[in-house]
1. Taking the range 23-34, which residues are over 18 Å from F78 (Cβ atoms) and in contact (Cβ under 8 Å) with a residue 12 or more places away in the chain?
2. Any idea which of F73, F61 is hydrophobic (A, V, I, L, M, F, W, C), touching a strand residue (DSSP E or B) at 6+ places or on another chain (Cβ under 8 Å) and surrounded by 12 or more Cβ atoms within 10 Å (Cβ to Cβ)?
3. Can you find even one residue in the range 57-78 that is in contact (Cβ under 8 Å) with a residue 60 or more places away in the chain and of a type in the set (F, W, Y)?
4. Considering every residue within the range 12-22, establish whether at least one is modelled with pLDDT of 95 or more, surrounded by fewer than 18 Cβ atoms within 10 Å (Cβ to Cβ) and in contact with a Gly (Cβ under 9 Å, 6 or more places away or on another chain).
Amino acid sequence: MHVYLLQSIPHPKQRYIGITKNLKKRLAEHNAGASPHTSKWTPWKIVVAVYFEDEDKAAAFERYLKEGSGHAFAKRHFW
């Protein structure tokens, strides 16, 4: 399971955090406009992707990055 951070290429201030089992396929879906959350700012590039064996740990890390101190951590270290 991958937790990934995307950044819009034409709109660098637009960012997205997600989770997937197939990173290559998911990026293609984002860039094809298949996700309503990211379709306005295509194309996207992967800034960071972290692989987890354990799905629960991946989900917990994704939640962490989307809130409070985790959001600040991502902003400070990844973007």
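The values are calculated or read from the model by the stated rules, or taken from the named source; none is laboratory data. Since this is a predicted model, take the numbers as computed values, not measurements. For neighbour counting, all protein chains shown are included, and Cβ atoms are generated from backbone atoms with ideal geometry for every residue, glycine included.
1. N31
2. F61
3. Within the range 57-78, one or more residues are in contact (Cβ under 8 Å) with a residue 60 or more places away in the chain and of a type in the set (F, W, Y).
4. No, the range 12-22 contains no residue that is modelled with pLDDT of 95 or more, surrounded by fewer than 18 Cβ atoms within 10 Å (Cβ to Cβ) and in contact with a Gly (Cβ under 9 Å, 6 or more places away or on another chain).
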